1. For region 189-208, which positions are assigned to a loop (DSSP other than H, G, I, E, B) and either at pLDDT 95 or above or in contact with a helix residue (DSSP H, G or I) (Cβ under 7 Å, 6 or more places away or on another chain) (or both)?
2. Inside region 147-168, can you point out the residues that are surrounded by fewer than 17 Cβ atoms within 10 Å (Cβ to Cβ), in contact with a helix residue (DSSP H, G or I) (Cβ under 9 Å, 6 or more places away or on another chain) and either of a type in the set (Val, Ile, Thr) or not in a loop (DSSP other than H, G, I, E, B) (or both)?
3. Considering each of SER172, SER167, SER129 in turn, give the residue that is farther than 20 Å from GLY84 by Cα and in contact (Cβ under 8 Å) with a residue 40 or more places away in the chain.
4. Only residues in region 175-192 that are hydroxyl-bearing (Ser, Thr, Tyr) count as the first member; pair them with residues that are in a helix (DSSP H, G or I), Cβ under 8 angstrom, at least 6 apart or cross-chain, and list the lot.
5. So which residues in region 71-90 are in a helix (DSSP H, G or I) and within 24 Å of GLY139 (Cα to Cα)?
6. For region 123-138: of the residues being crowded, with 18+ Cβ neighbours inside 10 Å and out of contact with any Asp or Glu (no Cβ under 6 Å at 6 or more places or on another chain), which is nearest to ASN90 (Cα to Cα)?
7. Given the residues THR178, THR144, THR171, which is the only one that is outside any helix (DSSP H, G or I), among the polar types (S, T, N, Q) and modelled with pLDDT of 90 or more?
8. Of all residues in region 173-193 being buried (at least 19 other Cβ atoms within 10 Å of the Cβ) and over 13 Å from the mean Cα position of the chain (by Cα), which is nearest to GLY16 (Cα to Cα)?
Amino acid sequence: MIIPVLDLKNGEAVSGKSGLRNTYKPLKTVFHNSSDPVSITQALKDNGYEHIYIADLDAINRSGSNLEIVSEINNILPVMLDSGVASYKNVKKTLKIANKVIIATETLESLDDLDLIFSQSLKKDLILSVDVKDKQILGKHIKTEFNNVINKIQKIKPLKIILLDVSRVGTSKGFDYTLIDGFNNIKSELILGGGITVQDIKELPVLGVNNFLVGTALHKGILK
């Protein structure tokens, strides 16, 4: 399944490369002649897409939020939302405006926080995002190795995991297949993001991966 990606900043859809968010510019997409995220989402729905991944960059950076827009989008397509949520309390609040809440290593304050967050009854509404940059776990507050994250995943057993290579976002270089190796014995449903190409989507199902977050290739019309 292809899941379209929208990054939101200051009320509009934006795009950029490798997570360098201060350089992001208004999104140019084949789906609409503006960078209005609601209009783009409606166009995506009209083209047959059934879900959408949204990163609220303002919320992630603690510089504001686009939650009202996200709520409006969620009425069009079910939203998987990364808004920097790092606590059980904020999960409950965020589920009022989004279909699924993403718990990302980038903003997680401690790996141990995952035990509490995923032990609660909302587990079915959560997606763990393992964020990677230059082959290392990306975390503003945590410094850890892949093995520690894998061990934690085996304990908390999330239903879905996003493996997001931030260094390849917006590059169309293709996904780094070596990152998948550590997840071979994980039973969670895996969703890959970061530089996804048409070739990746053709080849990766052989490795048991069938879900992809796609931004650049989709908005440029390369992938249809």
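The values are calculated or read from the model by the stated rules, or taken from the named source; none is laboratory data. This one's a predicted model, so the numbers in the text were calculated from it and none came from an experiment. A quick note on method: Cβ atoms are made from the backbone with ideal geometry, for glycine too, and the neighbour counts reach across all protein chains shown.
1. The answer is GLY194, GLY195, ILE196, THR197.
2. Within region 147-168, ASN147, ILE150, LYS155 qualify.
3. Among SER172, SER167, SER129, only SER172 is farther than 20 Å from GLY84 by Cα and in contact (Cβ under 8 Å) with a residue 40 or more places away in the chain.
4. Between residues of region 175-192 that are hydroxyl-bearing (Ser, Thr, Tyr) and residues that are in a helix (DSSP H, G or I), the close pairs are TYR177/LEU204; TYR177/LEU207; SER188/ILE153.
5. TYR88, LYS89, ASN90 - these are the residues of region 71-90 that are in a helix (DSSP H, G or I) and within 24 Å of GLY139 (Cα to Cα).
6. Residue satisfying both the conditions and the ranking: LEU126.
7. Working: THR178 fails: outside any helix (DSSP H, G or I); THR171 fails: modelled with pLDDT of 90 or more.
Of the residues listed, the single one that is outside any helix (DSSP H, G or I), among the polar types (S, T, N, Q) and modelled with pLDDT of 90 or more is THR144.
8. We begin by selecting, within region 173-193, every residue buried (at least 19 other Cβ atoms within 10 Å of the Cβ); these are 175, 183, 190-193.
Subset that is over 13 Å from the mean Cα position of the chain (by Cα): 175, 183.
Working: PHE175: 17, PHE183: 28 Å.
Checked region 173-193; the qualifying residue nearest to GLY16 (Cα to Cα) is PHE175.
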